[in-house]
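Shown next, in structure tokens, is the structure this report addresses.
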Amino acid sequence: MRILVTGGAGYVGSVSVEALLGAGHHVVILDDLSTGHSGSVPPEAELVRGSFADEALVTRILLAGELDAVLHCGARSLVGESIRDPAIYFRQNVAGGVALLEAMRAAGVGRLVLSSSAAVYGMPDATPIDEDAPLRPINPYGETKRTFESMMAWYAAAYGLRTVSLRYFNVAGATDRNGEVHEPETHLIPNILRAAEGGPPVTLFGGDYGTPDGTAIRDYIDVSDLAAAHLMAIEATAAGDPRTDVALVCNLGAGYGFSVRAVLVAAERVVGRSIPHAIGPRRAGDPPILVAAIERARSVLGWQPRRSTLDETIGSAWAWRRAHPAGYAD
Ligand SMILES: NC(=O)c1ccc[n+]([C@@H]2O[C@H](COP(=O)([O-])OP(=O)(O)OC[C@H]3O[C@@H](n4cnc5c(N)ncnc54)[C@H](O)[C@@H]3O)[C@@H](O)[C@H]2O)c1
């Protein structure tokens, strides 16, 4: 297939591009490089530097490349920034999302897979969280994901678009080629590894939750497993595939959680030394436990997380950082 990957120069996007190329697909990446890295783009993929919010540009790319499907990984995705400056998030993720959907309609491209997020759930009533749990995002980032999901579903119903929304929990790990480089970095595992390398001590937010060790429990999904799910989701958008007769939504997680402290201890095992850390106050809006129910992805997509032992995932991230001490060249 011929696939457009928005945000394909970012963390999740670059690993997904690797998987798509490995499966023999032709890949065009559309990325404005606002948080991504051109150094992550392999020579086999074509990089167009621009925004998915540019409807005319996206239409041209889809038509000129005779593309079949879109994997939409591109987004702004910092929770704190979204609270401080929601306009960026609504402009990029929602208004830009409308432009992308309209370009797909104009070009007659009817297959779409979205990088969504567990942030759509907000504070869950129960855990593990399944896809039918109420959507009550508690920050603009999550709200923009919920809104885009909703737009996709209405477009699917009205215009026959075939869509899959994948709600990721905490993504972690690396391949040999691609790893996680964000500035600022808000994710736990890269911040722990940065502390292990001599960076600032990592702060564990909240040591007084009602969990066995007092720290919050999260579900960590390996980025390679995520990439595999993307391939399966794209297949599910084929014309006539009953799985996407109505918009499909699947959680992607490991299906079990680890406490923040357990992640630190696992990282200490991986790097072979103790890692400087401090316990800070809870962050507003951080629930004690966020774990995905993943039965739907298993049964509908036929997906199964393969490399989701914590030590393996942290080990892959650590190996990537050691092999790329300066991150990406650009
Ligand atoms: N990493 C996680 O733990 C996680 C969890 C849940 C959901 N997600 C979602 O997965 C997707 C990828 O996340 P990531 O961690 O790889 O983030 P990332 O910042 O590394 O990648 C996002 C990419 O999108 C690009 N981009 C942003 N706005 C764009 C625009 N208007 N036009 C074109 N390109 C644009 C950026 O330059 C970057 O390359 C995002 O949609 C994010 O919301 C990530």
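The values are calculated or read from the model by the stated rules, or taken from the named source; none is laboratory data. Just so it is clear, the structure is predicted and the values come from calculations on it, not from any experiment. Note that we place each Cβ from the backbone using ideal geometry, even for glycine, and neighbour counts take in every protein chain shown. Keep in mind that these areas ignore ligands, DNA and RNA; they rest on the heavy atoms of the full protein, side chains included. Shrake-Rupley method; radii C 1.70, N 1.55, O 1.52, S 1.80 Å.
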So, of the residues in the range 215-245 that are surrounded by 16 or more Cβ atoms within 10 Å (Cβ to Cβ) and among the acidic types (Asp, Glu), which turns out to be farthest from Ile289 (Cα to Cα)? Glu235
Index of the failed condition, Glu18 passing every other in (1) surrounded by fewer than 19 Cβ atoms within 10 Å (Cβ to Cβ); (2) within 14 Å of the ligand (Cβ to nearest atom); (3) not polar (S, T, N, Q): (1)
What single numbered condition from (1) of a type outside the set (D, E, K, R); (2) over 17 Å from Ile221 (Cβ atoms); (3) open to solvent by 40 Å² or more (accessible area, probe 1.4 Å); (4) modelled with pLDDT of 95 or more fails to hold for Gly302? (2)
Here the residues within the range 132-159 that are over 20 Å from the mean Cα position of the chain (by Cα) and either at pLDDT below 95 or in a helix (DSSP H, G or I) (or both) are Trp154, Tyr155, Ala156, Ala157, Ala158, Tyr159
Tally the residues that are of a type in the set (A, V, I, L, M, F, W, C) and within 14 Å of the ligand (Cβ to nearest atom), restricting the search to the range 63-79. 6
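Considering only the range 271-285, I want to know if a residue exists there that is farther than 30 Å from Val27 by Cβ and in a helix (DSSP H, G or I).
yes
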Identify the residue in the range 217-248 that is acidic (Asp, Glu) and farther than 22 Å from Leu67 by Cβ and, among all such residues, is farthest from the ligand (Cβ to nearest atom). Asp245
Taking the criterion of being among the polar types (S, T, N, Q) and assigned to a helix (DSSP H, G or I), would at least one residue in the range 74-89 satisfy it? yes
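For the subset of the range 80-90 comprising residues that are aliphatic (A, V, I, L, M) and more than 10 Å from the ligand (Cβ to nearest atom), which member is least open to solvent (accessible area, probe 1.4 Å)?
As a first pass, look at the range 80-90 and keep what is aliphatic (A, V, I, L, M): 83, 87-88.
Subset that is more than 10 Å from the ligand (Cβ to nearest atom): 83, 87.
Values: Ile83: 104, Ala87: 60 Å².
Among them, the one singled out is Ala87.
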Kindly indicate which of Gly50, Gly39, Gly97 is more than 9 Å from the ligand (Cβ to nearest atom), surrounded by fewer than 24 Cβ atoms within 10 Å (Cβ to Cβ) and of a type outside the set (Val, Ile, Thr). Gly39
Would you say Pro212 is open to solvent by 10 Å² or more (accessible area, probe 1.4 Å), within 19 Å of Arg282 (Cβ to Cβ) and either within 14 Å of the chain's Cα centre (by Cα) or away from the ligand (no atom under 12 Å from the Cβ) (or both)? yes
Just to be sure I understand, how many residues within the range 164-206 are away from the ligand (no atom under 16 Å from the Cβ), touching a strand residue (DSSP E or B) at 6+ places or on another chain (Cβ under 7 Å) and assigned to a helix (DSSP H, G or I)? 1
Scan of the range 53-62 for residues that are within 20 Å of the chain's Cα centre (by Cα) and surrounded by fewer than 18 Cβ atoms within 10 Å (Cβ to Cβ), ordered by number: none
Residue under question is Gly65, and the condition is that it be among the small types (Gly, Ala, Ser), open to solvent by less than 60 Å² (accessible area, probe 1.4 Å) and over 21 Å from Ile234 (Cα atoms); does it hold? no
So, Ile279, is that one buried (at least 20 other Cβ atoms within 10 Å of the Cβ) and either under 30 Å from Thr244 (Cβ atoms) or more than 21 Å from the chain's Cα centre (by Cα) (or both) or not? no
Here's a check for you: in the range 100-129, which residue that is part of a loop (DSSP other than H, G, I, E, B) and within 16 Å of the ligand (Cβ to nearest atom) is surrounded by the most Cβ atoms within 10 Å (Cβ to Cβ)? Tyr121
Restricting to the range 21-36, name every residue that is within 8 Å of the ligand (Cβ to nearest atom) and not in a loop (DSSP other than H, G, I, E, B). Leu30, Asp31
